Amino acid sequence: MNIISINAMRGPNYWSIRRHNLIVMVLDLEELEERPTNKIDGFRERLEALLPTLFTHRCSEGVEGGFFMRVDEGTWMGHVIEHIALEIQTLAGMDVGFGRTRGYGEHGVYNVVFSYMEEKVGRYAAKASVEIAEALIEGKEYDLEPDIQRMRELREGERLGPSTGSIIEEAESRGIPWIRLNKYSLCQLGYGKNQKRIQATVSSETSSIAVELACDKEDTKYILEQAEVPVPKGEIVRTEAGLEDAVKYVGYPLVIKPINGNHGRGITANLDNWKDTLEAFHAAKEVSRSVIVERFISGDDYRLLVIDYKLVAAAKRTPAGVTGDGKSTILELIDKVNADPRRGYGHEKVLTQITVNEMTENILEQAGRSIDTVLPDGEWMALKDTANLSTGGTSTDVTDIVHPHNVFTAERIARLIGLDICGIDIMTTDISSPLHETGGAILEVNAGPGFRMHLAPSEGLPRNVAANVVDMLFPPGEKYKIPIVAVTGTNGKTTTTRLISHIMRMKGYKVGYTTSDGVYIQNRLLMQGDCTGPSSAEFVLKDPTVDFAVLECARGGLLRAGLGFKSCDIGIVTNVAPDHLGLKGIHSIEQLARAKGVIPETVHDDGYAILNADDDLVYAMRKDVKANVALFSMDENNPHVKAIAKVGGLSAVYENGYITICRGEWKMRITKAINVPLTFGGKATFMIQNVLPAALSAYINGIGLEDIKVALESFIPSPSQTPGRLNMFEFKSFNVLLDYAHNPPGLRALNNMIQRMDDTPKVGIIAGIGDRRDEDNREIGEVAAEMFDEIIIRQDKHLRGRTDTELIELLSEGIKKVDPDKKVTIIPKESEAIEHAITNAKPGSLVIICSDVVPDALALVTKFKEKEAQSLYDFTKDDIPNLQK
């Protein structure tokens, strides 16, 4: 078997609108295409022996054991690999269940699709499942454990921590979109100007001064002491001499901790002799330059969590430890504790497994014990100095029994430090009594406190403290999204995107938009090239200056990684025509329509899917749309438009020369098409088709008819506003038209326009496309032969796996099929082809440049235009108006 490619979907995609995290592996079964599972001796038995839990997979049979029924009947190896990939992820602690295997359109090649939780794990599972299947086919032994452990490690290195993850999960439950901004825990909630950020449990609203203060234990302690908050007696030291003085001042028992430590690093508690104190001092010095020496307060360790200056949770924390049975060694007791199904690797489960590290060995040594010591029956022994859950500690929820005075103290401390998300560590014998009565004290104030102990305590009620964070960031009525218009289709999507952006900018919006030319923020080009994929969409949605997004979405990015957003307000499909067929498993126009149909399916329930009523494939997409449907048509009598009018629906039509919006059967004329520069006086009917959904989109977004009219009439097709889309250059005796038309439907639409123009002869510069089928390139030649009086074939960029000779030959075959006598000149280099056409242009002629590298072609034509203008418009002082002589 051969893995051709592995892609990870991260948003709505061709395979599923709801399931965003999918691995799509293109797998060539090679000779195994002729060997289903029932023709491989012993395969089922070996598979079941290695992965007996596959029995729970119901598969298409709908009952437990259903998958093994399919294996017995005979199924193909791609299907088996799909199930293996799902099961090994589940065994590694990631319960995933969605999968499907479908033909790729080539003999023996399949799309193997399955869900994942963490992308690196999903990619690993894809490769490992193929290796496992190959070992089972060959009857070789296979050890699953290294794969399972590796996936656990990958997950821990990749996943969001439990605190960040809980906030993201809560945001998702409320429909708040989010984007991970780095490989750690920095995440964005919301889009554009309405975004907020979190990093672990520090938010973009958190005071940086407060965080700095909380991280400096000396300053924190000073402020609390000044405010009469009970804190342990202590000193800050940097040297052994200072340590000696501090011990004399504070007295035993002591706790020593680094001044800038976190997660319990460098902390040693309950010290009662100089030797251990000195060792603890040096351990703390490895973490920070300054060290705190404090009186050790006896009692239990409590964490109080204050969010938005209100106490929301409290937990009693117990260090990792074991209870003796009089028979087992400490190491054996640790193994028994770790056997608890609630304990897992890292943050995998509610509790973390206890490990024996240097801290554990030091504690045992101080107690005169080792891991081989048999602990007396009933005796409990701590194995860590701190009660952190990440080191195996446990927590008990005590929120409901915290004394009101202690609640007051915690909330006051948060205000004193200025922390909106604040963890306060308290040592006391009884949290249900005031601290001043129990002799308890405040040990620490933590910025970025962990939520795990509150979300899933070992005992007591779980507290959804993440909800308090989201409430604080987005109180009722606070916006978290910006309007998103997504545009797709075979032709016209870039112009439609630009036109919508122009209309919204004129109404004062700060628009970010993506196109096949680049990404624009407030009309400034920030990224150049084909930017129609998910990364470009995220670029716009991450920008804090943007309050309106218009996103061109092409099939390439959608098939490669899915959409860069989970839902949109308006989804537009301009048309579906045969293009890019034979690529990435899309072999028919129906499959292409299915890919484009992802856009309207992602429109949220209150939004609008704007569909082309003149295109049956596009109109059919309405069946899978949950949102409102609006239509556009070049024919006001289109039966689909008539039908939607009868039920009061929205549409945009071209009627009696007007761009018109219809609400039900009421017509609202915006302007005549001939007044819209984009239509070239109404000659470019395909541009009228682009104007209709743009006008309808603006109307849905609350833009008035007069404002839409002004915007349409001020949008000029030019290199600055529509680069490469009907850019007309008027030379002294001839004209040059540059357009991106690059497929047969696009060329036919362009032909309808230029046949209405009087210029003659019409000279076309065309090129083949390397990643299109032979028949597509021949058809380009055929259409060109119908369009142009003379043809120049060029071919020097984006060969995409072909040779220029091969592509030129295919175009020539198409031209000769239509007109064997057509004048054809072959000039492979585009710059030379354009130069030849312009320098040899006849008076009254029209040179049409069909370019796929728009910036280069524009620059060259502009250069010729400027050169001509320089000679035409030389002037003297006599030409200057109103000059005093």
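The values are calculated or read from the model by the stated rules, or taken from the named source; none is laboratory data. None of the values given here were measured: they were computed from a predicted structure. In this analysis, Cβ positions are derived from the backbone assuming ideal geometry, glycine residues included, and neighbour counts consider all displayed protein chains. Side chains are part of the model used for accessible areas, which takes the heavy atoms of the whole protein and leaves out ligands, DNA and RNA. Shrake-Rupley method; radii C 1.70, N 1.55, O 1.52, S 1.80 Å.
For a quick check of your reading of the filter: which chymotrypsin sites (Phe, Trp or Tyr not before Pro) in the range 314-416 sit in a DSSP loop and have no more than 10 other Cβ atoms within 10 Å? The partial results should precede the final answer.
Values: sites: Tyr345, Trp380, Phe408; in loops: Tyr345.
In loop regions of the range 314-416 (DSSP not H, G, I, E or B), there are no sparsely surrounded chymotrypsin sites (Phe, Trp or Tyr not before Pro).
Each Lys or Arg adds one and each Asp or Glu subtracts one; over the other residues with Cβ under 12 Å from the Cβ of Ser535, this totals +1. Computed packing ranks the peptides 547-558, 306-317 as 547-558, 306-317, most packed first, by mean other Cβ atoms within 10 Å.
At a threshold of 8 angstrom on Cα-Cα distance, excluding pairs fewer than six apart, so keeping six or more, what relative contact order does the chain reach in percent?
Values: 1865 pairs, mean separation 72.8, N = 885.
Normalised by residue count, the contact order of the chain is 8 percent.
Taken over the range 124-213, the percentage of Cα pairs per 5 Å bin, counting from 0 up to the bin with the maximum distance, is 3, 11, 16, 15, 12, 10, 9, 8, 7, 5, 2, 1, 0. Coupling constants for the range 648-656 follow from the phi torsions by the Karplus curve (6.51 cos²θ - 1.76 cosθ + 1.60, θ = phi - 60°), and in residue order they are x, x, 9, 7, 10, 9, 9, 9, 6 Hz; glycine and proline get x. With R₀ set to 60 Å, the beta-carbon distance separating Arg412 from Ser535 gives a calculated FRET efficiency near 0.80. Database remark: amide H of Thr825 closer than 5 angstrom to the amide H of Ile791, Ile792, Ile793 (H placed geometrically; neighbours at sequence offset of 5 or more, or on other chains; Pro and chain starts carry no H).
Among the listed pairs Lys566/Lys646; Lys646/Lys667; Lys493/Lys683; Lys257/Lys384; Lys646/Lys672, a Cα-Cα separation exceeding 21 Å is found for Lys566/Lys646; Lys646/Lys672. The gain in end-to-end length when the Ile401 to Tyr184 segment is fully stretched comes to 74.5 nm, 0.36 nm per residue minus the alpha carbon separation.
Taking amide H as placed 1.01 Å from N in the peptide plane, the amide H of Gly571 sits under 5 Å from that of Ala486, Tyr608, Ala609, Ile610, each at least 5 places away or on another chain.
With both labels modelled 7 Å from their Cα along Cα-to-Cβ, the Ala869 to Asp335 distance reads 8.5 nm.
Per Stokes-Einstein, at 37 °C and 0.692 mPa s, what whole-number D in µm² s⁻¹ belongs to the range 430-494, with the Kirkwood radius over Cα pairs as the hydrodynamic radius?
Details: Rh = 17.3 Å.
My calculation gives 189 µm²/s for D.
Straight-line cross-link partners of Lys233 among the aspartates and glutamates, defined as a Cα under 15 Å from its Cα and at least 8 positions apart when in the same chain: Glu218, Asp219, Glu225, Asp245, Glu294, Glu444. The calculated pair-distance distribution of the range 279-368 uses every alpha carbon pair, bins of 5 angstrom beginning at 0, and gives 2, 10, 12, 16, 20, 18, 14, 6, 2, 0 percent. Once Rg and the Kirkwood radius are both taken over the C-alpha atoms of the range 300-439, their ratio Rg/Rh works out to 1.05. Here the range 225-268 is treated as a Stokes sphere of Kirkwood radius computed over C-alpha pairs; at 4 °C and 1.567 mPa s its diffusion coefficient rounds to 109 µm²/s. Counting only DSSP beta bridges with both residues in the chain, the antiparallel share comes to about 65 percent.
Report D for the range 510-619 in µm² per second (integer): Stokes-Einstein, Kirkwood Rh on Cα pairs, 4 °C, 1.567 mPa s. Calculated translational D: 89 µm²/s.
In the chain, what percent of the accessible surface is made up of carbon and sulfur (1.4 Å probe, ligands and nucleic acids excluded)? Intermediate values should be presented prior to the final figure.
Values: 18170 of 37860 Å².
In the chain, the share of accessible area belonging to carbon and sulfur is 48 percent.
Taking the inverse of the mean 1/r over every pair of distinct Cα atoms in the range 808-875 gives a Kirkwood hydrodynamic radius of 14.1 Å.
The rule of thumb for compact globular proteins, 2.2 N^0.38 Å, goes into the C-alpha radius of gyration of the range 659-716 1.04 times.
Against the 2.2 N^0.38 Å scaling, with N counting residues, where does the range 140-290 land? I'd like the Cα-based Rg ratio to two decimal places.
On the way: Rg = 21.9 Å, N = 151, 2.2 N^0.38 = 14.8 Å.
Relative to the 2.2 N^0.38 Å estimate, the range 140-290 comes out at 1.48.
Placing a label point 7 Å from the Cα of Glu775 along the Cα-to-Cβ line, the residues of the range 805-824 whose backbone N sits under 18 Å from it are 810-815, 817-818.
Suppose we take every Cα in the range 639-749 and form the convex hull; what volume per residue is that in Å³?
Details: hull volume 13.8 nm³, N = 111.
Normalising the Cα hull of the range 639-749 by residue number yields 125 Å³.
When all alpha carbon pairs of the range 564-692 are counted in 5 Å bins from zero, the resulting P(r) reads 2, 11, 19, 19, 20, 15, 9, 4, 1 %.
Given a Förster distance of 60 Å, report the FRET efficiency between Ser5 and Lys327 from their Cβ-Cβ distance, rounded to the nearest 0.05.
Details: r = 56 Å, r/R0 = 0.94.
After rounding to 0.05, the efficiency reads 0.60.
Ranked by the mean number of other Cβ atoms within 10 Å of their residues, highest first, the peptides 446-452, 370-376, 673-679 fall in the order 446-452, 673-679, 370-376. When the alpha-carbon atoms of the range 51-174 are used, the pair Rg, Dmax equals 15.8, 50 angstrom. Across the range 307-324, rounded Karplus estimates of 3J(HN,Hα) from the backbone phi angles (6.51 cos²θ - 1.76 cosθ + 1.60, θ = phi - 60°) give 10, 6, 6, 10, 5, 10, 6, 9, 9, 8, 10, 10, x, 4, x, 9, 10, x Hz, Gly and Pro being marked x.
Enumerate the residues in the range 359-375 having an amide nitrogen under 11 Å from the point lying 7 Å beyond the Cα of Asn273 toward its Cβ. Counting backbone N atoms under 11 Å from the label point, the list is 366-368. Out of every Cα-Cα pair that the range 1-99 contains, those further apart than 18 angstrom amount to 52 percent.
Solvent exposure of the chain, expressed per residue, is 43 Å² of accessible area, with all protein chains present and a 1.4 angstrom probe. Consider the candidate values [x] 34.3; [y] 40.3; [z] 51.4; state which one is mean projected area of the Cα convex hull in nm² computed from the structure displayed. Derived directly from the coordinates: [z]. Candidate membrane-span-like segments in the chain, meaning DSSP H helices with Cα atoms spread over at least 24 Å of their own axis and a Kyte-Doolittle mean of -1.0 or above, are 119-138, 854-872, with no membrane implied.
DSSP loop GluC sites (Glu not before Pro) in the range 1-105 with at most 15 other Cβ atoms within 10 Å of their Cβ, which ones?
Details: sites: Glu30, Glu31, Glu33, Glu34, Glu45, Glu48, Glu61, Glu64, Glu73, Glu82, Glu87; in loops: Glu64.
Sparse-neighbourhood loop GluC sites (Glu not before Pro): Glu64.
Label-to-label distance for Tyr345 and Met668 is 5.9 nm, based on points extended 7 Å past Cα in the beta-carbon direction.
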